[in-house]
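Asks: The structure's right below; bear with me while I get my questions together.
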Amino acid sequence: MKTNRIKTVSLLLVMIMTMGSCISEYHFGKYNLAKIIAFAIENQVGTVNIDHDALLITVLVDESSDISSLKINILEVSSFATVSPARGDVVDFSEPVPFTVTAEDGSSQIYTVIAKRSQAEIQLSNSDFQDWYEVTGSKKYYEPGINKDETIWGTGNPGVVTLGAPNVNPSGSPENVFALLKTVELPLGAVMGQGIGAGSMFTGFFKLNVSNPVSSAKFGVPYSARPKSFKIKYKYSPGPVVKNGNLSNLPGARDSCDIGITLTDRSEEPYKQVAVAWFRSGKNITEWETINLNFKYGNIETPAIYERPKDVYILDNGRERLVPVVFGTGNEKPTHISVVFASSHRGDYFEGAPGSELFIDDLEIIY
């Protein structure tokens with residue numbers, strides 16, 4: 001009974017902290033905000049650039065795309081605002097297109113969207129991890145990107161800071177910033193079986209779900225190219241003792257880092273895994289080392305566990321749901337790219353070795 005009471009109190013504490021951290025804007029009366037927060041169109045390659053000062057959005061699409069007829073796949077605006085054209089509309093982007101965002105109070109502003117055909121070799125934005133922005137609230141921490149509206153990268157920090165200190169941070173010098181991911185103990189989470197926090201960084205976003213923490217990471221951003229491989233610089237030092245979410249030792253277990261990219265076709269369900277390139281290693285690497293990993297397209301006859309398709313959580317009209325993913329033929333056109341870095345390969349099961357550290361820098365997609 002005492003243990004159940006402790007679990008209940010701890011859960012309430014996490015929920016209270018989470019509710020406080022989720023309130024970013026509080027207002028009296030009607031909202032006057034009219035921003036485009038997220039935008040993506042059919043056949044998009046790489047990531048969108050939203051300039052709120054210039055009210056300008058630029059996006060690259062596959063070089064073979066019919067730019068006169070492209071569907072709007074993602075279009076998110078400020079709370080209570082409306083926008084025209086809208087999500088799901090098919091738009092002619094042969095010329096710059098005005099998007100009118102109308103706030104709840106009736107005020108409006110017009111964004112101009114420019115779509116261009118891409119060059120052959122597109123890189124992901126901030127793939128050198130140079131840019132980080134500050135998140136303020138009950139605890140201050142940093143996230144990769146220019147700001148929260150202009151980044152393709154998410155981390156597990158928003159969840160970890162409800163129980164401890166952030167474990168994904170910028171490191172290095174102002175001239176050469178890289179990412180440091182660290183596995184840490186979270187004693188406040190141990191009563192719920194969540195006492196291990198692996199450092200995680202990925203393309204997508206993190207929306208904390210207290211009742212189902214594994215679903216908090218929403219992996220993937222729009223992307224439609226077919227690369228040959230990718231390379232990245234890394235260092236890794238595994239912690240000495242692997243523990244589970246209750247902070248009990250797991251005798252004989254060893255920690256490893258994960259560095260991987262998955263390409264998926266999300267045009268219909270189940271989603272198809274088009275290609276994967278993955279690296280998992282527990283080797284102690286104290287000096288920067290560059291690895292180059294080839295993509296494996298289509299069905300893999302004897303896949304390693306980390307090469308198998310993994311179902312993904314998405315937000316569909318504000319509702320969270322799990323979408324199944326299966327092997328594709330490899331001939332599908334990718335619609336999304338999921339880049340994943342983790343300091344403990346079983347971090348999504350709240351297992352890992354406290355003290356494990358993964359350093360990453362200079363991700364490059366090779367075509």
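The values are calculated or read from the model by the stated rules, or taken from the named source; none is laboratory data. On a predicted model such as this, the values are computed, not experimentally measured, just so you know. Positions of Cβ are generated from backbone atoms using ideal geometry, with glycine treated the same way; all protein chains shown enter the neighbour counts. Only protein heavy atoms, including side chains, enter the accessible area calculation; ligands, DNA and RNA are left aside. Shrake-Rupley method; radii C 1.70, N 1.55, O 1.52, S 1.80 Å.
Asks: Run down Gln123, Gln109 and say which single residue is part of a loop (DSSP other than H, G, I, E, B) and touching a residue at least 24 places away in the same chain (Cβ under 8 Å).
Replies: Working: Gln109 fails: part of a loop (DSSP other than H, G, I, E, B).
One residue alone meets the criteria, Gln123.
Asks: Which of the numbered conditions does Phe327 fail, given that it passes all the others? Conditions: (1) in contact with an Asp or Glu (Cβ under 6 Å, 6 or more places away or on another chain); (2) surrounded by 12 or more Cβ atoms within 10 Å (Cβ to Cβ).
Replies: (1)
Asks: Okay, moving on. Hey, does the range 128-140 have a residue that's hydroxyl-bearing (Ser, Thr, Tyr), touching a residue at least 60 places away in the same chain (Cβ under 8 Å) and surrounded by 22 or more Cβ atoms within 10 Å (Cβ to Cβ)?
Replies: Taking the range 128-140 and keeping what is hydroxyl-bearing (Ser, Thr, Tyr), we get 133, 136, 138.
Adding the requirement that they be touching a residue at least 60 places away in the same chain (Cβ under 8 Å) leaves 138.
From the residues that got through so far, the ones that are surrounded by 22 or more Cβ atoms within 10 Å (Cβ to Cβ) too are none.
Checked the range 128-140: no residue is hydroxyl-bearing (Ser, Thr, Tyr), touching a residue at least 60 places away in the same chain (Cβ under 8 Å) and surrounded by 22 or more Cβ atoms within 10 Å (Cβ to Cβ).
Asks: Please state which one of Asp128, Asp149 is modelled with pLDDT of 95 or more and over 30 Å from Tyr349 (Cβ atoms). Spell out how you get there, then give the answer.
Replies: Details: Asp149 fails: modelled with pLDDT of 95 or more.
Being modelled with pLDDT of 95 or more and over 30 Å from Tyr349 (Cβ atoms) holds for just one of Asp128, Asp149, which is Asp128.
Asks: Further, regarding this structure: Filter the range 94-109 for residues that are within 12 Å of Lys35 (Cβ to Cβ) and among the aliphatic types (A, V, I, L, M) and give the result.
Replies: Val101, Ala103, listed by residue number.
Asks: If you check Val168, Val135, Val160, Val77, which single one turns out to be farther than 29 Å from Phe230 by Cβ and β-branched (Val, Ile, Thr)?
Replies: Values: Val168 fails: farther than 29 Å from Phe230 by Cβ; Val135 fails: farther than 29 Å from Phe230 by Cβ; Val160 fails: farther than 29 Å from Phe230 by Cβ.
Answer to the selection: Val77.
Asks: Name the residue, out of Val91, Val61, that is closer than 28 Å to Ile365 by Cβ and free of Cβ contacts under 8 Å to residues at least 60 places away in the same chain.
Replies: On the way: Val61 fails: free of Cβ contacts under 8 Å to residues at least 60 places away in the same chain.
Only one candidate passes the filter, namely Val91.
Asks: Taking the range 227-251 only, how many residues are more than 20 Å from the chain's Cα centre (by Cα), in contact (Cβ under 8 Å) with a residue 40 or more places away in the chain and assigned to a loop (DSSP other than H, G, I, E, B)?
Replies: Final tally of qualifying residues: 11.
Asks: Just checking, which of Gly220, Gly204 is in contact with a His (Cβ under 7 Å, 6 or more places away or on another chain), at positive phi and not aliphatic (A, V, I, L, M)? Full working, then the answer.
Replies: Values: Gly204 fails: in contact with a His (Cβ under 7 Å, 6 or more places away or on another chain).
After applying the criteria, what remains is Gly220.
Asks: Considering each residue of the range 267-295, count those that are touching a strand residue (DSSP E or B) at 6+ places or on another chain (Cβ under 8 Å) and at pLDDT below 95, and give that number. Walk me through it before giving the result.
Replies: Initial filter on the range 267-295 (touching a strand residue (DSSP E or B) at 6+ places or on another chain (Cβ under 8 Å)): 269-295.
Still in the list and also at pLDDT below 95: none.
So the answer is 0.
Asks: Right, next: Among the residues in the range 227-246, are any open to solvent by 40 Å² or more (accessible area, probe 1.4 Å), in contact with a helix residue (DSSP H, G or I) (Cβ under 6 Å, 6 or more places away or on another chain) and not basic (Lys, Arg)?
Replies: The answer is yes, given that some residue of the range 227-246 is open to solvent by 40 Å² or more (accessible area, probe 1.4 Å), in contact with a helix residue (DSSP H, G or I) (Cβ under 6 Å, 6 or more places away or on another chain) and not basic (Lys, Arg).
Asks: While we're looking at this one, here's another question. Is it true that some residue in the range 339-353 is in contact (Cβ under 8 Å) with a residue 12 or more places away in the chain, open to solvent by 20 Å² or more (accessible area, probe 1.4 Å) and within 24 Å of Asn43 (Cα to Cα)?
Replies: So far as the range 339-353 goes, yes, one or more of its residues are in contact (Cβ under 8 Å) with a residue 12 or more places away in the chain, open to solvent by 20 Å² or more (accessible area, probe 1.4 Å) and within 24 Å of Asn43 (Cα to Cα).
Asks: Out of the residues in the range 98-127 that are under 23 Å from Arg226 (Cα atoms) and of a type in the set (A, V, I, L, M), which is most open to solvent (accessible area, probe 1.4 Å)? Even if it seems obvious, please write down each step before you answer.
Replies: Of the residues in the range 98-127, the ones under 23 Å from Arg226 (Cα atoms) are 115-127.
Subset that is of a type in the set (A, V, I, L, M): 115, 120, 122, 124.
Numbers: Ala115: 12, Ala120: 66, Ile122: 27, Leu124: 7 Å².
The residue in question is Ala120.
Asks: Residue check: is Ser211 without any contact (Cβ under 8 Å) to a residue 12 or more places away in the chain and either surrounded by 14 or more Cβ atoms within 10 Å (Cβ to Cβ) or not in a strand (DSSP E or B) (or both)?
Replies: Numbers: without any contact (Cβ under 8 Å) to a residue 12 or more places away in the chain: yes; either surrounded by 14 or more Cβ atoms within 10 Å (Cβ to Cβ) or not in a strand (DSSP E or B) (or both): yes.
So Ser211 fits the description; yes.
Asks: Could we say that Gly195 is without any contact (Cβ under 8 Å) to a residue 60 or more places away in the chain, touching a helix residue (DSSP H, G or I) at 6+ places or on another chain (Cβ under 6 Å) and buried (at least 16 other Cβ atoms within 10 Å of the Cβ) here?
Replies: Numbers: without any contact (Cβ under 8 Å) to a residue 60 or more places away in the chain: no; touching a helix residue (DSSP H, G or I) at 6+ places or on another chain (Cβ under 6 Å): yes; buried (at least 16 other Cβ atoms within 10 Å of the Cβ): yes.
The answer is no for Gly195.
Asks: Considering only the range 63-78, how many residues are open to solvent by less than 60 Å² (accessible area, probe 1.4 Å) and either of a type in the set (Val, Ile, Thr) or closer than 28 Å to Gly29 by Cβ (or both)? Write out each step before concluding.
Replies: Step one: filter the range 63-78 for residues open to solvent by less than 60 Å² (accessible area, probe 1.4 Å), giving 65, 67-70, 72, 74-75, 77-78.
Narrowing the set further to residues that are either of a type in the set (Val, Ile, Thr) or closer than 28 Å to Gly29 by Cβ (or both) leaves 67, 72, 74-75, 77-78.
Total meeting the criteria: 6.
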